[in-house]
Amino acid sequence: MAKTSSVSTSMIKATARERLLGNYGTIIAASIVVNIIYFVSMLTILQITNIFISLTTQIIVDLLFGVFISGRCYMLMNLAYGQPVTFGDLFFGFKQNPDKAILIQLIYTIASLILQIPQFLHVAGLIPITWMAIGTLVLLIPYIIFAVAMSQTFFLLQDFPDNSVRQLIRKSISVMRHNYIKYIGFVLSFVPMMFIGVITFFIPLLWVETYFNASRAMFYKEIISQR
C-alpha cells in the first residue's frame with residue numbers, strides 16, 4: 001500500500017541537483033534534440049491547411065513522442081539511481097516496449113483533446129469566447145486530477161516493463177493516492193523559476209526543464225520506496 005512520502009520537496013530537489021552534477025550536458029542535449037524535433041514537427045503541421053489532416057498528423061506526432069518520453073524517463077531513472085547516463089538512453093524507448101509507451105501517450109492525448117473541446121467549439125463559431133473560457137476551467141479540474149494520477153506511469157514502465165498498460169496505470173494511481181497535494185506543491189515550486197526563464201528570453205528554461213525532470217525522477221524514487 002502506498003504511503004505519503006516523508007521526504008520534503010526541498011530535499012528531493014537538493015538530491016536532484018546533486019545527481020545532476022556532471023550530467024547536465026547530457027540531459028540538456030537530450031532535451032534540445034527532443035524540443036527541436038517536436039518544434040520542427042509542429043511547424044510542418046502548421047503548413048497543413050486541411051484541419052482534419054492537421055489534427056490527425058498532430059495526434060500521430062504526439063503518440064510517437066511517447067516513445068521519446070519513455071526514453072527520457074529511462075535516462076532520468078538512471079540519474080536518480082546513480083547509474084551511468086548516456087545520450088543514447090533517450091532512444092531506449094524504441095528498444096523496449098514502444099507499443100506501451102504509445103498507448104500511455106494515447107491516453108494523455110485523448111485527455112488533452114477533451115480539455116480542448118471548448119476551444120474547438122469556439123473556433124468553429126459554436127460558442128462565444130466567454131463560454132470557451134468557462135468550459136476550459138470546468139474541464140481543467142478533472143484534467144489536473146487525471147494528470148497527477150497518471151504522472152508516474154512512464155517511470156513505472158521502466159521499473160515494471162512486463163506489466164500491462166492497465167497495470168501501470170493502476171500502480172501510478174496507487175502510489176499517488178496519498179501524494180496528490182505533495183506532488184502539486186512540488187510542481188508549483190518550479191513555477192517561479194519557469195517564470196524567470198520566460199522573462200529572460202527562455203534560454204534558462206533548458207536548465208529549469210532539466211532540473212524539474214530530474215526532480216520528478218527523484219520524486220518517483222522516493223514514493224515508490226514507500227510501497
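The values are calculated or read from the model by the stated rules, or taken from the named source; none is laboratory data. Not measured: the values here are computed from a predicted model. Neighbour counts are summed over all protein chains in view; Cβ atoms, including those assigned to glycine, are modelled from backbone coordinates with ideal geometry. Accessible surface is based on the protein model in full, side chains and every heavy atom, while ligands, DNA and RNA are left aside. Shrake-Rupley method; radii C 1.70, N 1.55, O 1.52, S 1.80 Å.
Observations, loosely collected:
- In this structure, Ala133 does not qualify as among the small types (Gly, Ala, Ser), assigned to a helix (DSSP H, G or I) and open to solvent by less than 40 Å² (accessible area, probe 1.4 Å).
- Every residue from region 46-61 that is closer than 21 Å to Ile107 by Cβ and at pLDDT 85 or above: Thr56, Thr57, Gln58, Ile59, Ile60, Val61
- Taking the criterion of being touching a residue at least 60 places away in the same chain (Cβ under 8 Å) and in contact with an Asp or Glu (Cβ under 6 Å, 6 or more places away or on another chain), the only residue of region 67-111 that qualifies is Tyr74.
- The set of residues in region 159-186 that are in a helix (DSSP H, G or I) and either open to solvent by less than 30 Å² (accessible area, probe 1.4 Å) or of a type in the set (Asp, Glu) (or both) comprises Asp159, Val165, Leu168, Ser172, Ser174, Val175, Met176, Tyr183, Phe186.
- With respect to being open to solvent by less than 80 Å² (accessible area, probe 1.4 Å) and within 16 Å of the chain's Cα centre (by Cα), Ala16 falls outside the description.
- In region 199-222, of all residues being crowded, with 17+ Cβ neighbours inside 10 Å and without any contact (Cβ under 8 Å) to a residue 40 or more places away in the chain, the one that is nearest to Ser8 (Cα to Cα) corresponds to Phe212.
- Those residues of region 157-186 which are of a type in the set (A, V, I, L, M) and touching a residue at least 12 places away in the same chain (Cβ under 8 Å), in sequence order: Leu157, Val165, Leu168, Ile169, Ile173, Val175, Met176, Ile184
- Residue count for region 17-40, restricted to those that are touching a residue at least 24 places away in the same chain (Cβ under 8 Å) and among the small types (Gly, Ala, Ser): 3
- Residue check, Ile114 more than 14 Å from the chain's Cα centre (by Cα), open to solvent by 80 Å² or more (accessible area, probe 1.4 Å) and touching a residue at least 12 places away in the same chain (Cβ under 8 Å): yes
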